[in-house]
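As structure tokens, the structure follows; a few thoughts come after it.
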Amino acid sequence: MNSTGKTLMSAGLLSIGFLVPGLAAAPADPGREPPAPSDGFAATPTGALPAGTTGGAGAASARTVTVGSRAELIAALKYPDATPKVLYVKGLIDANVDDANAPLNCRDYARPDPATGELFNLHAYAAMYDPAGPWGRKPPFGGQENARLASAAAQENRVHILVPPNTSIVGLGTDATLVGAWLDIRPLRTEGNAPMNVIVRNLAFEDAADCFPEWSPDDGPTGNWNSQYDAISVRNATHVWIDHNRFADVRTRDETQPVIFNHKLQVHDGLVDITNESDFVTVSWNHFTAHDKTMLIGNSDGAVADRGKLRVTLHHNWFDGVGQRAPRVRYGQVHVYDNLYRADLNTNYHSSWGVGIESRIYAENNWFDLSASYGPMEVIDGKKGTQITAVGNCWRSGERCVPTDFVAAWNARFDPDLSPDAGWRPTLYASGGAADPVTDVKARVLAEAGPARPKK
């Protein structure tokens, strides 16, 4: 092996396909590797990006940097500078730190109500806005709500990291991790979309947790807690490739949160959410674990500007002990193929494919390895959608994965029936021609999904 090959092997990059077969033809800089020409919607050429998604492939040597702290990461991104750039992440970067890189916790972000000077306190907040008390079902305002808003703004100022166009962010080695960070891939404008051309690979994302979630008394029949941060948000953005990452709640697990107003405090939002007219996105070879609301594609029923957009490919991802939204789709044209879904009795499993308004999911050759406590009728969740194609998928029974028609299972149990035709057929596959045989999916995903690191 030549010196380049040895260097990249020690960095843990060979095993996840950063190099094409034959080291002599391999790119010297793995941060400059684009998706294969047929690797989902992110590879689609457009007028703005005739080569499809390339990230920071054109970066000058001065814009190819290694970062190891929050301050270095933000300085290297230089949002909204669109100059091509490649950022290598080394080691663990905690977003919840001050300017001297000293750790911050939720108490450090607490701010006062400007009118009274009283610091935010969750117990005081719960006492003030208890829907069972005099406050009732009115939305919170004044007092502790003002303190919560100020506190939330203080945390967002630290953890919200905007990613500019023409950027690749790539983890080095076996321990590249972003803790508490919210990567927001979006242009300056908040209408329409723009060719962001961003690649994120080989990273672990942990604990994007909101210290100050919002109580929404009118969310559902009895209200709900709602949090702010995703691990990655893709908004108003086109051409994004999210590949070989791991997403997990490690220190901030949902089951450890207190129950307030008869609802578990929700400090997590999505892991990867794709909304606001985004388009041409591929999410591949990622490991999503220990989370509830995993992936939202399309953010509201009223977002009619999403029509004709939200073209997303999900392939060879491992959805491991996640509760729901894998994905949950509104309006989007989404190809979901060769993914592995696993849920045991410890998983608060709700569903996998959320069929939202005007969604067009094409679900192909996915392997479901779920506890016998769940049934095939639970895979789909009807969310005002009317159609979904589901072909070649299987459900584990004993040691076999049995071909299963999940649309028929839904229709036999729930009304109204879903049409089994999403109205389109995919043509873009990572292998260039077709999905992997479903019999190969479990072993391949277990072996290769997530960053280049040993599986525990």
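Bear in mind that the values in this text are calculations on the coordinates, not laboratory data. Nothing here was measured: the structure is a model prediction, and the numbers come from that model. Positions of Cβ are generated from backbone atoms using ideal geometry, with glycine treated the same way; all protein chains shown enter the neighbour counts.
At a Förster radius of 41 Å, what calculated FRET efficiency corresponds to the Cβ-Cβ distance of Gln387 and Ala48, to the nearest 0.05? Approximately 0.85, to the nearest 0.05.
Can you compute the FRET efficiency between Asn101 and Ser419 using 1/(1 + (r/R0)^6), with r the Cβ-Cβ distance and R0 = 51 Å? Round to the nearest 0.05. With a Förster radius of 51 Å, E is 0.40. Distance distribution note for the chain: the fraction of Cα pairs above 38 angstrom is 22%. Legend: translational diffusion of segment 202-304 by Stokes-Einstein, Rh = Kirkwood radius over C-alpha pairs, 37 °C, 0.692 mPa s; D = 223 µm²/s. The Cys residues in the chain all have a partner Cys Cβ at less than 4.7 Å from their Cβ. Ranked by the mean number of other Cβ atoms within 10 Å of their residues, highest first, the peptides 292-305, 274-287 fall in the order 274-287, 292-305.
Remark: spin-label model distance Thr174-Leu188 equals 4.4 nm, labels positioned 7 Å along the Cα→Cβ axis. Residue separation of Glu255 and Asn346 scaled by 0.36 nm, minus their Cα-Cα distance, works out to 31.7 nm of gained length. Take the Cβ atoms of Met377 and Ala447, set R0 to 41 Å, and the FRET efficiency comes out at 0.85.
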